[in-house]
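J.: This structure is in structure tokens; I'll ask about it shortly.
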Amino acid sequence: MSAAYEIRAAIGREHEVTVVGEGGKFSFTPSNPWVAVGWRKAADIQIDVAGHLAKKRIAFDGAGAERVDPPNNRLVLKDGRELAYDHLVICTGPRLAFDEVPGLGPDAHSHSICTTEHAATAWAAYEDFLKNPGPIVIGAAPGVSCFGPAYEFAMILDADLRKRKLRDRVPMTYITPEPYIGHMGLGGVGDSKGLLESELRQRHIKWIANAKITGVTADTVSATEFDERGNVVKEHAVAHRFAMIMPPFTGVDAVRGVEGLVNPRGFVLIDQHQRHPAFPNVWSAGVCVAIPPVEVTTVPTGAPKTGFMIESMVTAIAHNLAAVLAGREPDEVPTWNAICLADMGDTGAAFVAIPQIPPGNVTWAKVGKWVHVAKVAFEKYFLAKMKSGNTEPIYEKYILKALGIERLK
């Protein structure tokens, strides 16, 4: 949605812009943890796509993409139709690779908050759980690159259970492949290690770090814990009555295996301008782009692609695409700066990394009740932006610029 709006604004009305997606809803993904505990309904964080895009003369096709065919400049849709393109912008997000861990996922023995539909399913299961509480396991599988939602959900569950006066009946364990709490796939952000360890201790949430989840059954999460040298420390079998495990990501089926387009995990290759190095009329932004891990860890972890970081990718694509259409070479480079608001139910943590990939010019992390309030406000603000089509209002641009947080280098 952001890419379509910004591209339309950058290239003018003489060019056709079409969005291809699966289904006709936009969901504000950061609110999924609230859906999973019943603090939001799915309808509260979703908007219909077609009407809002149409106001900006952007077409919408909800059939979904079956296959990208870059050599022939075409997109094969799931209903068999084909769309030809002059330029293709891939912003699909990831495929959720539940198949990489036995028993993982909503169709097996754990829940997910990666999609609003999965979060709604988790809420139904959580309602049943509340009738007969027991142990909860929250965590991330090997290869996960998005740890923030797991931390958020663990602490939101803690806050919700305390409100219900059930917390004393629910042992909670956090299991992660991160070498230490607060690593986040980035080697830490400010004092995220001390900050998040402190929060987990205060909330009586036990943790097992540097651990590889090897399987999930209806009542147990199995994990192997390692030391810093890669030696096995302990084999864990942690009981659960409710589990939410973040899955690893791959590229979506429409691009996986397309020769020359993606890396072995199916993520789209890009240069510094968000442009494909071999297919110059293909661009990509978001979780679907190929970014190498920040550092080697004993259990594989990936580099996260966070909201503002993705917004900077989108802005660079819009400017560079306009340049190419005008006969110039692309010259804009995204900053990949990161601003993260992690809700903890009754408080929250804010992380800023400029740029997100270390070493950074600025890194800090703070905790406070203001973060919870800010995240609630941001939910409403972002949904309003998706309805209006104005993805960077002038006041937002200059407020962030005053803080040293910009989209383009």
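J.: Considering only residues that are crowded, with 17+ Cβ neighbours inside 10 Å and more than 16 Å from ALA303 (Cβ to Cβ), which ones fall in the stretch 262-273?
T.: Listed by number, the residues that qualify are VAL262, HIS273.
J.: Say we look at the stretch 347-364 and pick out the residues that are in a loop (DSSP other than H, G, I, E, B) and touching an Asp or Glu at 6+ places or on another chain (Cβ under 9 Å); which of these is least open to solvent (accessible area, probe 1.4 Å)?
T.: Applying the filter and picking the extreme gives THR347.
J.: Filter the stretch 145-183 for residues that are assigned to a loop (DSSP other than H, G, I, E, B) and open to solvent by 30 Å² or more (accessible area, probe 1.4 Å) and give the result.
T.: Within the stretch 145-183, CYS146, ARG164, LYS165, PRO171, PRO179, TYR180 meet the criteria.
J.: What's the total number of residues in the stretch 242-261 that are within 18 Å of the chain's Cα centre (by Cα) and open to solvent by less than 10 Å² (accessible area, probe 1.4 Å)?
T.: Matching residues across the stretch 242-261 total 7.
J.: Right, here's the next one. Taking the stretch 228-241, which residues are open to solvent by less than 50 Å² (accessible area, probe 1.4 Å) and either over 15 Å from LEU104 (Cα atoms) or part of a strand (DSSP E or B) (or both)?
T.: Across the stretch 228-241, the qualifying residues are GLY230, HIS236, VAL238.
J.: Could you please tell me which pairs satisfy a Cβ distance under 9 Å, a separation of 6+ or placement on different chains, a first residue in the stretch 265-279 that is free of Cβ contacts under 8 Å to residues at least 12 places away in the same chain, and a second residue that is among the charged types (D, E, K, R)?
T.: These pairs meet every condition: PRO277/ASP271.
J.: Going by what's in this entry, would LEU200 be described as among the aliphatic types (A, V, I, L, M), at pLDDT below 95 and closer than 30 Å to PRO355 by Cβ?
T.: no
J.: A further question on this structure: Among the residues of the stretch 236-276, write down those that are of a type in the set (Gly, Ala, Ser) and on the phi > 0 side of the Ramachandran plot.
T.: Passing the criteria: GLY257, GLY260, GLY266.
J.: Out of the strands (runs of 3 or more DSSP E) lying entirely within the stretch 1-109, which hold 2 or more residues that are open to solvent by less than 70 Å² (accessible area, probe 1.4 Å)?
T.: 18-20, 25-27, 46-48, 59-61, 65-69, 74-77, 88-90
J.: I've got another one for you. Which residues, counting only those in the stretch 330-346, are farther than 18 Å from LYS305 by Cα, open to solvent by 20 Å² or more (accessible area, probe 1.4 Å) and modelled with pLDDT under 90?
T.: Listed by number, the list holds a single entry, ASP346.
J.: Go through the stretch 289-320 and report how many residues are assigned to a loop (DSSP other than H, G, I, E, B) and either without any contact (Cβ under 8 Å) to a residue 24 or more places away in the chain or open to solvent by 50 Å² or more (accessible area, probe 1.4 Å) (or both).
T.: So the count comes out to 6.
J.: Still on this structure, I have one more. Quick check on LEU408: is it under 22 Å from ALA3 (Cα atoms), modelled with pLDDT of 80 or more and within 22 Å of the chain's Cα centre (by Cα)?
T.: Considered against the rule, which asks whether it is under 22 Å from ALA3 (Cα atoms), modelled with pLDDT of 80 or more and within 22 Å of the chain's Cα centre (by Cα), LEU408 comes out as yes.
J.: Still on this model: If GLU127 meets every condition in (1) modelled with pLDDT of 95 or more; (2) open to solvent by 10 Å² or more (accessible area, probe 1.4 Å); (3) over 18 Å from PRO33 (Cβ atoms) apart from one, which number is that one?
T.: Every condition holds for GLU127 apart from (3).
The values are calculated or read from the model by the stated rules, or taken from the named source; none is laboratory data. What you are looking at is a predicted structure, and each value in this text was computed from that prediction instead of being measured. Cβ coordinates were reconstructed from backbone atoms using ideal geometry, including for glycine residues, and neighbour counts include every protein chain displayed. Accessible surface areas use protein heavy atoms only, side chains included; no ligands, DNA or RNA. Shrake-Rupley method; radii C 1.70, N 1.55, O 1.52, S 1.80 Å.
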